[in-house]
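Notes for the one structure printed next.
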Amino acid sequence: MASRSLLTSSPWRGISMRAQSFPLARQLTASFGVRHIAGKSSSTSAIAYKAIRRRHAPLPTSDAPSAWSAQAAVSNILYETPTPSSAPPKRHILNCLVQNEPGVLSRVSGILAARGFNIDSLVVCSTEVHDLSRMTIVLTGQDGVVEQARRQLEDLVPVWAVLDYTSAALVQRELILAKVNILGPEYFEELLTHHREMTAADNAIENGEQPSLEEVADDFHPSKLVASEALRHKHEHLKSITYFAHQFGGKVLDISTTSCIVEVSAKPSRIDSFLKLIAPFGILESARTGLMALPRSPLYGPDEGEQAKEADDVVDASQLPPG
């Protein structure tokens, strides 16, 4: 009785009536039920939703010729073969809304890898909706090929929808953590050269001698700077790195004897510019997240709403009855 009352109530009554016009949706609603779509979600809820909400245009029909000669068949194949696209590949941003279950990421990445795409960035996170995750994928390719991949991704069972944000107005952000040397580029180059030529510890291990921790530390971090000179360089370079971080909206998270860790959150182009600015100091390590994007909401002025209302009040004379 509870399920019957739920199906006959609004708005599920309208959904079930519309679902009867689609064979696949009628089979799905009969096996899973509308109550299952509205209640606890699963991997089949996404395909049931797409079957109900999406209506495909009818395919064009054409009568094939009764008999073909070899010459006519080859001529037709050569004529119908599309020419290679000369459009240059460009950067695309895809936003996938998927079911939060194991194996979805491998299926999505498998389809893109099968088509030869190199994923530039991939960020997966849960949303405010239970059992729903968001994937932000950045890849480079031609428009037609990316659109085919987008439709193929949307046909997966645990995928609700795949949105193309390439031409949309977006808010884009990336986060980077960089460990930067604060003793100057000379010390950084000296450190790299010393690591390439360091063989004393290896010879000691081969001879059966275990060096002490102090010897290993001194050998790993060579320093020919005077204490006062190193202190002066450290404060000057730390001040410059802090200034660059503040200009890009970042901050210094940690300071050690020879390095500091900087955090910056900005759009990808500003992250690239920040890395170029701090590269002369010497980047010891860096960790960069992928792209996160959300579409901007439209902003309407006070007069735009009144103009839209006046446009709706205008009566079309062609819609009036005669006389």
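In the list SER85, SER109, which residue meets the criterion of being modelled with pLDDT under 85 and not aliphatic (A, V, I, L, M)? It would help to see each step written out before you state the result.
Values: SER109 fails: modelled with pLDDT under 85.
Step by step, each of SER85, SER109 is checked, and only SER85 is modelled with pLDDT under 85 and not aliphatic (A, V, I, L, M).
Just checking, which of ILE283, ILE255, ILE271 is closer than 26 Å to ILE93 by Cα and modelled with pLDDT of 90 or more? Steps first, answer last, please.
Details: ILE283 fails: closer than 26 Å to ILE93 by Cα; ILE255 fails: closer than 26 Å to ILE93 by Cα.
Answer to the check: ILE271.
Cβ-Cβ distance below 8 Å, separation of 6 or more or different chains: which pairs start in segment 256-269 with a residue that is within 13 Å of ILE283 (Cα to Cα) and surrounded by 16 or more Cβ atoms within 10 Å (Cβ to Cβ) and end on one that is polar (S, T, N, Q) and at pLDDT below 95?
Filtered contacts from segment 256-269: THR258/ASN181; SER259/ASN181.
The values are calculated or read from the model by the stated rules, or taken from the named source; none is laboratory data. What you are looking at is a predicted structure, and each value in this text was computed from that prediction instead of being measured. Here Cβ is always computed from backbone atoms with ideal geometry, including for glycine, and neighbour counts include all displayed protein chains.
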